[in-house]
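Quick note: the coordinates plus some simple rules give every number you see, no bench work behind them. Note that the coordinates shown come from a computational prediction; the quantities given were computed from them, not determined experimentally. Virtual Cβ from ideal backbone geometry, glycine too; neighbours counted across all protein chains shown.
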Amino acid sequence: MDQAVWQSIFLETAPFDGTAAYSALLSQASQPLDMTQDGAITAERLAKYKAQGAGYTYLYGFERLTDSVLSELFSLAKERKALDQMLCMQQGEMVNFVAGFESERRAALHTATRDLFDNPLATKCREDSLVEHKKLKSFLEKVDGRFNEMIFVGIGGSELGPRALYQSLGFYAKKGRKVHFIGNVDPDDVGMALEAADLSKALVVVISKSGTTIETATNEEFVRAAYIKAGLDPKEHFVAVTQPGTPMDNKERYLECFYLWDYIGGRYSSTSMVGGVLIGFTCGYEAFLELCQGAHAMDLVARDKDEKKNLPLLAALIGIWNRNFLHYPTVAIIPYSRMLNRFPAHLQQCDMESNGKRIDRRAGACQFQTGPIIWGEPGTNAQHSFFQLIHQGTTIVPLEIIGFKEAQGTYDFEYKGTNSQEKLLSNLFAQAIALAKGQKNTNPNKVFSGNRPSSILLAKKLTPYSLGALLAFYEHKIAFQGFIWGVNSFDQEGVQLGKQLADKTSALFAAERSGAAAESFPLGQALIDTLGDIS
C-alpha cells in the first residue's frame, strides 16, 4: 500500500469525537435500553444478537443495545476506517507511531507469526516465522527425553501471555512435564523455582526481545550461578528467545537461539517463539501449531467486512458504547473455566498497556475516555466473592463471560440430576440473566437493580485451536478500539519512567556496597535511608 494512502487512513479521518456517529450515539445514550422492562430481553433477541466465527459464538443480547445503536456503532467503525486500519496492520504497514514526534515507527505484525495456513498475506515476516517453526520442531525432537522440566525466565508480556496459555492447556501437557516460571526480580520468585526444579533435567528458556531487560538478565545470571554451583554446564541447558543480533543471540552461551522481531510487541508475542518453545515443550509441537491455526482463523474473522460477522469488531464497538457513552469505567473478564485462571491477567496487560493512552496519533490530548480498567477471575468462584458488588454495588461493571460446552478433561460427575459441567454452564447463564433483568422485592436489601450488561463468548471445548482463537479475538478487539479512539496501541511509554528511576535507585544501592560515587538522586536516597530504620 502506498505510504500516503495508509497514513491518510490513520490520520486524515475525522477524530473519534468529531464523527457524526459520535454525536448520534451521545443522543442514543441519553435513554439506553432498559433491560428490566417486560419484553426487553427475549429468546428472540438472544437469537438475533448473535455472531459466529472461528469456532466461537458471541452472544450480545444482554448488552444495552438496540438496532439503532448498533447501526450507529457500525457507522462509527466506517467513519474511523477501522477495517482499513486492521488490514494495514495485518499487511505490515507501520502502525506504531505518533505523528510529528519520536516513536518506535514500526509494524505490529504478531499476526505474521501464525499466518501459516489458508489465505496468507505475502510478507517476509511470514517466511521468517516458517523458518522458526521448522527450527522449533527440529529442536524439540533433539531434546525429547533429555529434559522433563523447564525453567521459564521472562517478564511482562514475555511471561504473562505464555504462562496463561500453558495453564490453559493443562490436560494437553505431556505426562511428567513441569514448568517453573520466573517473572519477577523478587529473589523469592527465583528461589521458589530453584527449590522446586531438578536442574539436571530442566531446560532453561530465557525471553528478552532486547537481550538487555534488567530483571530478566539478573534472573538469568541468578539461575546460571545455581547451575554452575551444581556442577552443570549452563550452555547445555539454556535456550534464548530474542531478536537477531542482541547480546543474547550467542550460540556460545546457549544450546539454541530462537528469534522474534522488532515488529512483535511483548504482549502480542505468545504465538511467536516466546510461546512456541514453552507450548511445544510441554504439549508438543502439533499443539502449538494448532494454537497458531486457531489464532489465524480469528485473524481472518477480524478482516471480515461484514460488521455483524466480525466478532472482534463487534466486541470492540460494544466496549466503546459501554465506555464512552454509558460511562462504565471497568470491564470484568470472567472465564467459566478453571483452565483460564491466568487469562484475565494476560488480558489486563494486553488491554491496559495497549490502550491506556491519553494522547492520540496526532499527539493531541484525548477529550474522551480511552482504555477501561480490566480485571477478573474465573467463575463460579468469583460469584462467591466480588459478584456481590457487581449485582448490588453502586458501580456498574460490564462483564465479558467466556464458557465452553464441554470440559477440557475427561473427568465429570453427575449429582442431583446434572453433571458438573452442566452446573457450571447453568451458573454462567444465570449470572447474565440476573444482571440484566434484576429483581424487585419489598425488602430493599433483596432488590437487584438490573441493567448491568454482559456478553458471552462460547465454544465447544477449550483446545489449542480454540485457545488460539480466543487469544486473537482479544488482541483484535483491543486493536480495533485503539484504531477507533485514534490512539497508538503498540507502544508502552508508560513503563519507561519507572524503569529509569529504578536504574538510578539501583545505582545508589551499588554505590553504597562498593563505595563508588553515584549520580545524585535525593528522593531515591531518602527512601533507601528509611531501610535503616527497620530492624
Task: Projected-area mean, segment 393-535, by convex hull of Cα positions, square nanometres - done: 18.7
Task: Under Karplus coefficients 6.51, -1.76 and 1.60, residue-wise ³J(HN,Hα) of segment 444-451 in Hz, glycine/proline x - done: x, 6, 9, 7, 10, 6, x, 6
Task: Degrees separating the helix 187-196 axis from the principal Cα axis of the chain, which is the longest one - done: 80
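What order do you get for Thr395, Thr242, Thr36 when you list them from fewest to most C-beta neighbours inside 10 Å?
Numbers: Thr395 9, Thr242 26, Thr36 17.
Listed from fewest to most nearby Cβ atoms, that is Thr395, Thr36, Thr242.
How big is D, in µm² s⁻¹, for segment 119-294 by Stokes-Einstein at 25 °C and 0.890 mPa s if Rh is the Kirkwood radius over C-alpha pairs? Provide the component values of the computation, followed by the final result.
On the way: Rh = 16.1 Å.
In µm²/s, the coefficient is 152.
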Open item on the list: I want the local charge near Glu102. Using Cβ-Cβ distances under 12 Å, sum +1 for each Lys or Arg and -1 for each Asp or Glu among the other residues.
Closed with: -2
TODO: Assuming a ≥ b ≥ c are the square roots of the Cα gyration tensor eigenvalues, decide whether segment 20-71 counts as rounded (a/c under 1.5), prolate (otherwise, with a/b larger than b/c) or oblate.
DONE: oblate
Task: Tilt relative to the chain, helix 214-229 - C-alpha long axis, 0 to 90 degrees, to 10 - done: 50
Task: Degrees between helix 496-514 axis and first principal axis of the chain (Cα, 0 to 90, nearest 10) - done: 30
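I need the peptides 59-67, 344-352, 185-193 ranked by packing, meaning the mean over residues of other C-beta atoms within 10 angstrom, with the highest value on top. Intermediate results must be reported in sequence, preceding the final value.
Working: 59-67: 20.3, 344-352: 22.2, 185-193: 15.4.
Packing proxy ranking, top to bottom: 344-352, 59-67, 185-193.
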- [ ] Treat the count of other C-beta atoms within 10 Å as a stand-in for reagent exposure and order Ile320, Ile456, Ile528 from fewest to most.
- [x] Ile528, Ile456, Ile320
Open item on the list: Given contacts defined as C-alpha pairs under 8 Å and at least six residues apart, what's the relative contact order of segment 199-305, whole-number percent?
Closed with: 21
Task: P(r), alpha carbons of segment 205-346 - 10 Å bins starting at zero, rounded % - done: 10, 26, 31, 20, 10, 3, 0
Open item on the list: Could you compute the net charge surrounding Asp412? Neighbours are other residues with a C-beta less than 11 Å from the C-beta of Asp412; K and R count +1, D and E count -1.
Closed with: -2
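Could you sort the peptides 328-337, 141-150, 45-54 by per-residue average Cβ neighbour count (10 Å cutoff), highest mean leading? Walk me through the numbers on the way to the answer.
Numbers: 328-337: 21.5, 141-150: 13.9, 45-54: 16.5.
Final packing ranking: 328-337, 45-54, 141-150.
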Task: Whole-Å semi-axes of segment 399-471's equivalent ellipsoid (Cα gyration tensor) - done: 29, 18, 6
TODO: Search the structure for amide H atoms under 5 Å from the amide H of Asn488, placed 1.01 Å from N in the peptide plane, and list their residues when 5 or more places away or on another chain.
DONE: Arg361
Task: Along principal axes, Cα extents of segment 494-533, largest first, whole Å - done: 31, 23, 13
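Provide, as a two-decimal number, the C-alpha radius of gyration of segment 300-379 over 2.2 N^0.38 Å, N being how many residues it has. Mind dumping the intermediate values first?
On the way: Rg = 14.4 Å, N = 80, 2.2 N^0.38 = 11.6 Å.
Against the empirical 2.2 N^0.38 Å value, I get 1.23 for segment 300-379.
Take every Cα pair under 8 Å in the chain that's 6+ residues apart, average their separations, divide by the length, and report that relative contact order as a whole percent. Before the final figure, lay out the partial values.
Details: 932 pairs, mean separation 103.7, N = 535.
Relative contact order comes out at 19 percent.
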Task: Eligible lysines near Lys78 by straight Cα distance, threshold 19 Å, same-chain separation 8 or greater - done: Lys305, Lys308, Lys309, Lys477
Open item on the list: Rounded, prolate or oblate, given the Cα gyration tensor of segment 171-224, with a/c below 1.5 counting as rounded?
Closed with: prolate
Task: Amide H partners (placed H, <5 Å) of Ala14, local residues excluded - done: none
Task: Karplus-derived 3J(HN,Hα), 6.51/-1.76/1.60, for each residue of segment 461-468, Hz, glycine and proline x - done: 7, 7, 10, x, 5, 5, 5, x
Task: Amide H partners (placed H, <5 Å) of Ile401, local residues excluded - done: Ile334, Ser455, Ile456, Leu457
Open item on the list: So if I average 1/r over every pair of distinct C-alpha atoms in segment 16-144 and take the inverse, what Kirkwood radius in Å does that give?
Closed with: 19.0
- [ ] Write down the percent of antiparallel bridges among all DSSP beta bridges whose residues are both part of the chain, to the nearest 5.
- [x] 30
